[in-house]
1. Strands (runs of 3 or more DSSP E) wholly in region 251-354 with at least 3 residues that are under 30 Å from ILE170 (Cβ atoms) and not aliphatic (A, V, I, L, M) - which ones?
2. Report yes if ALA502 is part of a strand (DSSP E or B), within 18 Å of LEU438 (Cβ to Cβ) and of a type in the set (Gly, Ala, Ser), otherwise no.
3. Quick check: anything in region 459-472 modelled with pLDDT of 95 or more and of a type in the set (Phe, Trp, Tyr)?
4. So, in region 164-185, of the ones that are free of Cβ contacts under 8 Å to residues at least 24 places away in the same chain and outside any strand (DSSP E or B), which residue ends up surrounded by the most Cβ atoms within 10 Å (Cβ to Cβ)?
5. State whether one or more residues within region 224-231 are among the hydrophobic types (A, V, I, L, M, F, W, C), touching a Phe, Trp or Tyr at 6+ places or on another chain (Cβ under 7 Å) and in the same structural domain as ALA324 (by TED's automatic domain parsing).
6. When you check ILE151 against the structure, is it more than 17 Å from ALA96 (Cα to Cα) and in a strand (DSSP E or B), yes or no?
7. When you go through GLU525, GLU530 one by one, which is the residue that is within 25 Å of ALA406 (Cα to Cα), in contact with an Asp or Glu (Cβ under 9 Å, 6 or more places away or on another chain), surrounded by fewer than 19 Cβ atoms within 10 Å (Cβ to Cβ) and in contact (Cβ under 8 Å) with a residue 12 or more places away in the chain?
8. Quick one: in region 223-247, which of the residues that are buried (at least 18 other Cβ atoms within 10 Å of the Cβ) and part of a helix (DSSP H, G or I) is farthest from the chain's Cα centre (by Cα)?
Amino acid sequence: MPDHVTPSRVRSLLNLRVGLIVLGGLVVLAGGAYLTLFAIVGSGVLPNTKVGNVAIGMMSRSAAQTKVAAALDERATAKMVVTAAGQPLSIDPASAGLTVDVKATVAAGGRRHATPAALWRDLFAHHLLEPVLAVDSAKLDAAVTALDGKIVGGGHDGGIKFNGTTPIAIPPVQGIALVHDKAVAAIRAAYFTTSAPVTMPVKSVQPSVTADEVQRVLTTIAQPAVAAPIALVVGPTTLQVKPAVIAQNLSFSSVGGHLVPAVNSDGIVASLGANAFSALETPSKNASFDVSSGAPVIVPSVEGGTADVAAVGPGITAVLTLPAPRNVNVPSRGIEPTFSTTDAEKLGVKEQVSTFTTHHPCCAARVHNIHTIADIVNGAVIMPGATFSLNQFVGPRDTKRGFVEAPMIEDGLFQNSVGGGVSQFATTMFNAVFFAGLKDLEHHPHSYFISRYPAGREATVSYPNPNLVFQNDQPTAIVVTTAYTGTSLTVTFWGTKYYDIASATSARYAPTTTGTVYNPRPDCEPASGEGGFQIDVTQTFLQAGVSVRTHLLHTRYDPEPIIICGPSPSPGSLPPGGTPPPGVPTPAPTVTPSPTATKPTH
């Protein structure tokens, strides 16, 4: 042992080490005890907590709220009994905006603390919580006002009522009423604190309309009011308002101690009938565009007019005391058009943007449908950024809207259906969209090539699908006009021209051959058939003669079958060897189209 380490020094070091070990153990024990205490107290409601007699200690807050709500519900919703001048009345707490705020009640118990001493108090303290009440002041005010109206002997002002055309005086009556603010305070204080009747403070009420005022109005206004008819002058027309109608629509209200008459305009107007004021009705006209000169010219909007029926009551009120004859001129008020001249001027419609014409044979039923849909679309305005859906704009093609039966392609066969043929319009409009350079969102070529349409640049529609949808992605509006003859249809777009469009069509390629089908349906349309093919159309957008972009349309046409109307011949009807004679097509299965299939028109 070195001479500088004495035995006493060694003992001191040993004692220190032992002391540190003991202290460390005590710290560990204390830390464990703290964590145990922290866990026992928990993160929910503090131990030994009650709301009234409802124990909720150490429950989760949501469970405690549910328990408190269930325990207090009966008392919280029980009707409160009140008395006013000895008269028993009642108030429903819920209707009066009186409730127990269960969440706030539970939260008032606080949460566990962090220090050991506070945790110890949290574990053994007894927390008694009072219910936290919530009051909707507006509902309570309304409930007290309603309560005031139920008091017997509440009194009232003098007034006048009619028995037929005879005015009758209602004398004023002195009575009592609740002192509103004090009644509100009494109910708030009593809610959930007592089940005993709550006495409402009352006061004496003197009527503001006296018997003299009632008599004055009776003789100077009410009696003259129904002494004779009143004439309403509606433009060149005169309408008589009979005394009985006047009496039914005349009322008196108290204003500053006086009875003031008022006539119900709606009641007078209803008694005269819906068409009584038609002489003042002039329809407004929206602005439009006249393109007959080859350039769009704005046709100004026109303001319309209608009878100002709201002025009828005040007009009659003003002449009630006058002797007969009494006349009231019904004024008119303007009706602004929904699309004004100013609106039209802002659209940027100044030139023809595109136009396209397709041709068709005359006189078929489909031509009527083409003209009908063209009339519906004519004048459509497509605002910048707006999407135009042909099916949404036109709606169903049915007989109520003037469409008739005409052939359309259904399940690969030509069948008659209401609205058939409107794909001629869809194709014409699609080409106007194409040459205007607008954004094509949806179009569907026919399944078969139809020679009167440009190959690869045509569209079919039916309702609700397939559809023709495009967007005006240009900064100015587009106005659509349509025109037709017995053999042609033209769709023109007017606005501001931003592009010249060039169209280049490829040669037909990938040909497919046709086949034969037999159609036994009575509305069968025979067809000679044609082979299918594929084709591409390139759309080039030009500005100042320079190409800015291109767009490719690829179309595949199915072969159109030879359609023979009638049932398929039986195999036994063929000559020996199974080969039909020249000019007789090879038998094919009879095709019965599905009635639920999509029906593109052609």
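The values are calculated or read from the model by the stated rules, or taken from the named source; none is laboratory data. Owing to the predicted nature of the structure, the values given are computational and were not obtained by experimental measurement. Don't worry about glycine lacking a Cβ; one is built from the backbone with ideal geometry, like all the others, and counts go over all protein chains shown.
1. none
2. Considered against the rule, which asks whether it is part of a strand (DSSP E or B), within 18 Å of LEU438 (Cβ to Cβ) and of a type in the set (Gly, Ala, Ser), ALA502 comes out as yes.
3. So far as region 459-472 goes, yes, one or more of its residues are modelled with pLDDT of 95 or more and of a type in the set (Phe, Trp, Tyr).
4. Looking at residues that are free of Cβ contacts under 8 Å to residues at least 24 places away in the same chain and outside any strand (DSSP E or B), I get LYS182.
5. Narrowing region 224-231 to residues among the hydrophobic types (A, V, I, L, M, F, W, C): 225-228, 230-231.
Next, from what is left, pick out any that are touching a Phe, Trp or Tyr at 6+ places or on another chain (Cβ under 7 Å): none.
The answer is no, given that none of the residues of region 224-231 is among the hydrophobic types (A, V, I, L, M, F, W, C), touching a Phe, Trp or Tyr at 6+ places or on another chain (Cβ under 7 Å) and in the same structural domain as ALA324 (by TED's automatic domain parsing).
6. When the stated conditions are applied, ILE151 does not pass them.
7. Details: GLU525 fails: in contact with an Asp or Glu (Cβ under 9 Å, 6 or more places away or on another chain).
Every option except GLU530 fails the conditions.
8. Initial filter on region 223-247 (buried (at least 18 other Cβ atoms within 10 Å of the Cβ)): 225-226, 230, 232, 234, 239, 241, 245-247.
This time we only want the ones that are part of a helix (DSSP H, G or I), so: 225, 245-247.
Working: ALA225: 46, VAL245: 39, ILE246: 40, ALA247: 41 Å.
The residue in question is ALA225.
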